[in-house]
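All remarks here apply to the structure that follows.
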Amino acid sequence: MKRIFFACSALVLFAASVALADECAPAKVTNLGFATGHSTAVLTWTDPGDDCNTGTAASYEIRQSSSAITDTNWQSASIYLTGTPAGGNGTNECKDISGLTCNTTYYWVIFFFDAAGNRSPISNNPSLATKSCASSPQVACP
């Protein structure tokens, strides 16, 4: 009977150590950039990978706000888009953003998540101002 208890204890300990194995969240995106039209924008970045900078992350989340997004207020920024990365660490991505208001400033951040639910640090936080409605063309990913 003690052997069965010991075997169960060892199994629980093994399962707990496996669950803790993925402690390295995806790395921070440091090159979130943009181009703007009068009601469109293009966001570009390089995928960071899964475990720090290795492999492919499970998903990403882009948040948008009318004010700067920080480590303390990011949850109040609107989720604009979620998706699956196009590739692993080093893959360049481009997303078209539409429905923006002319002559308006927007702030954007991106987070990556791994399969274990670990979230990357907040990306750089660029602000973009859309162009004049009268004179500027729209933009799109190449």
Problem - Qualifying residue in the stretch 94-112 (condition: part of a loop (DSSP other than H, G, I, E, B), hydrophobic (A, V, I, L, M, F, W, C) and within 13 Å of I62 (Cα to Cα)) - result: no
Problem - Conditions (1) under 17 Å from S127 (Cα atoms); (2) surrounded by 15 or more Cβ atoms within 10 Å (Cβ to Cβ); number of the one not met by N31 - result: (2)
Exercise for the section: Look through S136, S123 and report the one residue that is closer than 16 Å to V29 by Cα, small (G, A, S) and surrounded by 14 or more Cβ atoms within 10 Å (Cβ to Cβ). Expected result: S123
Practice task
Could you run through the stretch 88-139 and say how many residues are out of contact with any strand residue (DSSP E or B) (no Cβ under 9 Å at 6 or more places or on another chain) and farther than 20 Å from P48 by Cα?
Solution key: 9
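Per-residue answers, yes or no, for (1) closer than 16 Å to G33 by Cβ; (2) in contact with a helix residue (DSSP H, G or I) (Cβ under 7 Å, 6 or more places away or on another chain); (3) of a type in the set (S, T, N, Q); (4) at pLDDT 95 or above:
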residue: C52; (1), (2), (3), (4): no, no, no, no
residue: E61; (1), (2), (3), (4): no, no, no, yes
residue: Q64; (1), (2), (3), (4): yes, no, yes, yes
residue: G88; (1), (2), (3), (4): no, no, no, no
residue: C94; (1), (2), (3), (4): yes, no, no, yes
residue: S127; (1), (2), (3), (4): yes, no, yes, no
residue: A134; (1), (2), (3), (4): no, no, no, no
residue: Q138; (1), (2), (3), (4): no, no, yes, no
Practice task
Among residues belonging to the stretch 45-76 that are touching a residue at least 60 places away in the same chain (Cβ under 8 Å) and part of a strand (DSSP E or B), point out the one that is surrounded by the fewest Cβ atoms within 10 Å (Cβ to Cβ).
Solution key: D51
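The values are calculated or read from the model by the stated rules, or taken from the named source; none is laboratory data. Because the structure is predicted, anything quoted here is derived from the model rather than measured. Note that each Cβ is placed from the backbone with ideal geometry, even for glycine, and that neighbours are counted across all protein chains shown.
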